[in-house]
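The structure appears right after this line, and notes come after that.
The values are calculated or read from the model by the stated rules, or taken from the named source; none is laboratory data. Bear in mind that the values here come from a model prediction, so they are computed numbers and not experimental data. No Cβ is skipped: glycine too gets one built from the backbone with ideal geometry, and neighbour counts run over all protein chains shown.
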Amino acid sequence: MIMSIRLLYTLHTLFFLSLSSISYAKVTPRFPSSVVSPEQISVSTENELYRAKYFTQILDHFNFQPQSYQTFQQRYLVNDTYWGGAKNNAPIFVYTGNEGDIEWFAQNTGFMFEIAPHFKALLVFIEHRFYGKSIPYGGDKVVAYKNSSTLGYLSSAQALADYATLIIDLKKNLTATDSPVVVFGGSYGGMLAAWFRLKYPHVTIGALASSSPILNFENITSPYSFNNIVTQDFKSESENCYKVIKASWQQIVDTASQPGGPELLRKSFHICKDDISAGSLENWLGTAYIYTAMTDYPTPSNFLNPMPAYPIKQMCKAIDDPATGKDIFAKLYRAVSIYYNYTGTAMCFDLDDNSDPHGLAEWTWQACTEMIMPTDGNNKESIFPASEWIYNDRVRFCKAKFNVVPRPTWITNEFGGHDIKRVLKRFGSNIIFFNGVRDPWSGGGVLKNISESIIAIVAKEGKLSSESKDKYMHTVNCTSLLIIAVIFLWETIISVKRSRWFLLIFT
């Protein structure tokens, strides 16, 4: 349960694409956390973990045009090992899929599997439309991803309607209409879980939204917040480590502009191709720092890449190691190898590698339409070069890529976000927001209780690089028990309302 809670407040996921603060050439993926564990569940085959099923889903829930009635096969995964059955009104725990292949999440999920026996819960993982195998237009990605006329059906609102439709139909088929549903999710999936509870309270009794930056829109959260937390993660580990990385950007630019400089950089960082630019190298290095900050776990992990326990600590050890002398590039190479090559199997690196093993590419569309999350600002103290979040940069990219103009206020119009405490206190209920303060996404999360049933659980030492493992284990176990207790309370309330003595209490 320890590592499953860890990733509760880290994941992308797989999460969003934005104009990189250190590369202006392209949109790069950012992937926060999920309700997943970086350690594989110990099962011998995937069939022991889940069964894949498909649901015939409508293409467009919100219009009645002829094309709206087209359908596609939406994949979902089921584990009924622990389910107490419909006759006992046993609960159904649903994972609201992120922007990627749902099997990737299910195979790395710990928390839901670990608490399922306590609740005798049915586990369901629903894949997000346009990702994995849940592709409209007959599963033809070429057609589905062709242009805005087809990608226009990829949105958070359509995804939430998918989940509601599937869950209602599943409960009906299982004769489980009285089984309470709790939704779980992390990062984008956590945002979906929280929004699902608000939009479809008749479908779910509650939501656990981990590392879900629902406040990272418009001017609600500072555009400097994300990278400020990344900066603090490294700075708190080692002041020298922070200073070396911070000073390295200018050194890379200066070296690249000198005769023989690009070749020196290529050899120093073991780059495969001769053609190398300062911008592409900076983007490659920055990606390693950011993703490591988002997956800085206290035990070895293999979620994004194989990495050791406390990878930021290991990166800073490599930078602070006196064996590399004053060779800054050697220090940086050893540091980022913690992220890119911990196994030691890679001989060189391709800076132009655009492989997408987890099927995340279509997040670019969402980042160009509704998920406009200002996160790329860097103040003078940032570990990255000083920069401003410039909305027009996003607009130019999205026009060139899709011929669409982003709608930066749509999410707050659709789901809210401004004055969140006042608004949710009036009508919301039964949501757990889980964050770790060392998680870069926590800056856009809900960090304080809103009401008696909208609860913020905050791990004060989110990445816990300064804590002993025993203290970490105690902290996480206590958090796990608290989450279990809250979910149990939700279910108890539902059960009480169905019992006879409900009348004694409420009449």
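Restrict the check to the range 99-121 and report whether at least one residue is at pLDDT 95 or above, β-branched (Val, Ile, Thr) and part of a loop (DSSP other than H, G, I, E, B). No, because not a single residue in the range 99-121 is at pLDDT 95 or above, β-branched (Val, Ile, Thr) and part of a loop (DSSP other than H, G, I, E, B). Can you name the residue in the range 281-306 that is polar (S, T, N, Q) and crowded, with 18+ Cβ neighbours inside 10 Å and is also modelled with the lowest pLDDT among such residues? If we take residues in the range 281-306 being polar (S, T, N, Q) and crowded, with 18+ Cβ neighbours inside 10 Å, then SER301 is modelled with the lowest pLDDT. Is it the case that LYS235 is of a type in the set (Lys, Arg) and within 21 Å of PHE55 (Cβ to Cβ)? Here the answer is no, as LYS235 does not meet what is asked. Selection of first residues in the range 163-177 that are within 16 Å of LEU77 (Cα to Cα) and of second residues that are part of a loop (DSSP other than H, G, I, E, B), restricted to Cβ pairs under 7 Å at least 6 apart or on distinct chains, gives the following pairs, ordered by first then second residue: ALA164/TYR200; ALA164/VAL203; ILE167/VAL203; ILE168/VAL203; LYS171/THR177; LYS171/SER179.
Of all the criteria given as (1) under 22 Å from GLY186 (Cα atoms); (2) modelled with pLDDT of 65 or more, the one not satisfied by TYR472 is (2). For the range 122-137, the condition of being buried (at least 19 other Cβ atoms within 10 Å of the Cβ), aliphatic (A, V, I, L, M), out of contact with any Asp or Glu (no Cβ under 8 Å at 6 or more places or on another chain) and outside any loop (DSSP other than H, G, I, E, B) holds for at least one residue.
In the set (1) β-branched (Val, Ile, Thr); (2) under 17 Å from PHE217 (Cβ atoms); (3) in contact with a strand residue (DSSP E or B) (Cβ under 9 Å, 6 or more places away or on another chain), THR409 fails one condition alone, (3). Taking the range 303-315 as the range and being assigned to a helix (DSSP H, G or I) and among the polar types (S, T, N, Q) as the test, only GLN314 passes. Residues that are within 18 Å of PHE303 (Cα to Cα) and crowded, with 24+ Cβ neighbours inside 10 Å within the range 86-105 comprise TYR95, GLY97, ASN98, GLU99, GLY100, ILE102, PHE105, listed in sequence order. Out of curiosity, is THR221 among the hydroxyl-bearing types (Ser, Thr, Tyr), within 22 Å of THR369 (Cβ to Cβ) and at pLDDT 95 or above? Yes. Here the range 338-367 is the region considered, the condition is being among the small types (Gly, Ala, Ser) and more than 23 Å from the chain's Cα centre (by Cα), and the residue that is nearest to GLU237 (Cα to Cα) is GLY344. Could you list, in sequence order, all residues of the range 357-395 that are in contact with a strand residue (DSSP E or B) (Cβ under 9 Å, 6 or more places away or on another chain) and among the charged types (D, E, K, R)? Selection gives ASP376, GLU388, ASP393, ARG394. Per the listing ALA318, ALA256, the residue uniquely of a type in the set (A, V, I, L, M), farther than 26 Å from PRO440 by Cα, in contact with a helix residue (DSSP H, G or I) (Cβ under 7 Å, 6 or more places away or on another chain) and buried (at least 16 other Cβ atoms within 10 Å of the Cβ) is ALA256.
Checking each residue in the range 203-234 for being part of a helix (DSSP H, G or I) and among the aliphatic types (A, V, I, L, M) picks out ILE229, VAL230.
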